[in-house]
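One structure below.
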Amino acid sequence: MATETIFTKIINKELPSDMLYQDELVTAFRDINPAMPTHVLIVPNEPIASNADVTEAHEAAMGRMHTVARKLAEDEGIAQDGYRLIINCGENGRQEVPHIHMHLLGGANVGPMLIRQKSS
Ligand code: 5GP
């Protein structure tokens, strides 16, 4: 079990957020510092630190994150034009909050996937 982060406090409604969805497996809320017109975070209620900690036991929650992303994209009106889902992992992945989360980004063209870097 990972150490609890600010996201657990949001899930438990101990901290305010613009929460869009919650069920027994996942919670979705708007990012406090949106990078796009729509920027939603979808997180498992269980504090799994990162994708490096995901096991078969988490498959239901990981799958639910995707179906909730699809539903919220429809609700937000960004499904037709498309959107990007991002899960950062660890230091090189530039993950800031150690509670695995999926970014749902859309409402405009998100640009290139990433800055290309050649292997040395
Ligand atoms: P990461 O870099 O870990 O993939 O993304 C963390 C995201 O969490 C960032 O986009 C950041 O703006 C967001 N974030 C950090 N603290 C809070 C918070 O207290 N509330 C909300 N709603 N988002 C947060």
Q. Tell me, what is a quarter of the convex hull surface for the C-alpha atoms of the chain, in nm² with one decimal?
A. 8.3
Q | Net lengthening on full extension, Ala57/Ser119 (0.36 nm per residue, minus Cα-Cα) | A | 18.9 nm
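Cβ under 15 Å from Asp75's Cβ, Asp75 left aside: what net charge do those residues give with Lys, Arg +1 and Asp, Glu -1?
Taking every other residue near Asp75 into account, the sum is -2.
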Q: Obtain the nm distance between the two label points defined at Arg30 and Asn109 by a simple spin-label model: each point lies 7 Å from its Cα along the Cα-to-C-beta direction.
A: 2.6
Q: Have a look at the DSSP beta bridges in the chain and tell me what percent are antiparallel, nearest 5.
A: 100
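Coordinate-derived values only; no laboratory data. As the structure is a computational prediction, the values presented were derived from the model and not from experiment. Note that we place each Cβ from the backbone using ideal geometry, even for glycine, and neighbour counts take in every protein chain shown.
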